[in-house]
Amino acid sequence: MALHPKLPPKPPPGIWRLKKKRAERRRGRDLFLKILTAIGYLNTVIVISAAVLLAEAKPDAFHSMYRGLPLRTYWSPHHLQYLFGLCVFGFFLSLAGLFVNSQRLKRKSDGIRYHLVAVALLSLTGIIAYLVVH
């Protein structure tokens, strides 16, 4: 009789070997993450402002006529110019955020900020719509 139990066979080298866990050296939020957060908040303000400007720029609804208010049947060019400027600013801000995000993608836990892509596409749509109409 053996004094020790039978040991399981050794796994083949290569595939079955476990990777060593690396120590997390990041301490809190770094500069890139703070910049991306600030760009995200600023893009949110831009999108909300653009929605308000778009609502102000559109022609008046017909229920305004019943209240005795003058009826505007055209898009306000003044509001549309501000809206175009917001779209251009939001587009370039999103591109800058995507550049900062691409510099940060070093680890598996880092991901693409999809809200930057969404704001860039919305802004580009607004820019193209403005340029086609005017």
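No value in this document is a laboratory result; all are computed from the given coordinates. On a predicted model such as this, the values are computed, not experimentally measured, just so you know. Every residue, glycine as well, gets a Cβ built from its backbone with ideal geometry; the counts of neighbours run over all protein chains shown.
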**Asked** Counting other C-beta atoms within 10 Å, which of Val52, Val133 has the fewest, and how do the rest follow?
**Response** Val133, Val52
**Message:** Please compute the length gained on full extension between Leu121 and Ser76, using 0.36 nm multiplied by the number of residues separating them and subtracting their Cα-Cα distance.
**Reply:** 13.8 nm
**Item:** FRET efficiency, Leu95 to Leu31 (Cβ-Cβ, R0 30 Å, nearest 0.05)
**Value:** 0.95
**Request:** Run the quick spin-label model on Leu69 and Leu42: label points 7 Å from Cα toward the beta carbon, then report their separation in nm to one decimal.
**Result:** 3.4 nm
**Asked** At a Förster distance of 22 Å, what's the computed FRET efficiency of Val88 paired with Asp110, Cβ-Cβ distance as r, to 0.05?
**Response** 0.15
**Prompt:** Which of Ser102, Ser76, Ser123 comes first, and how do the rest follow, when ranked by fewest Cβ neighbours within 10 Å?
**Reply:** Ser102, Ser76, Ser123
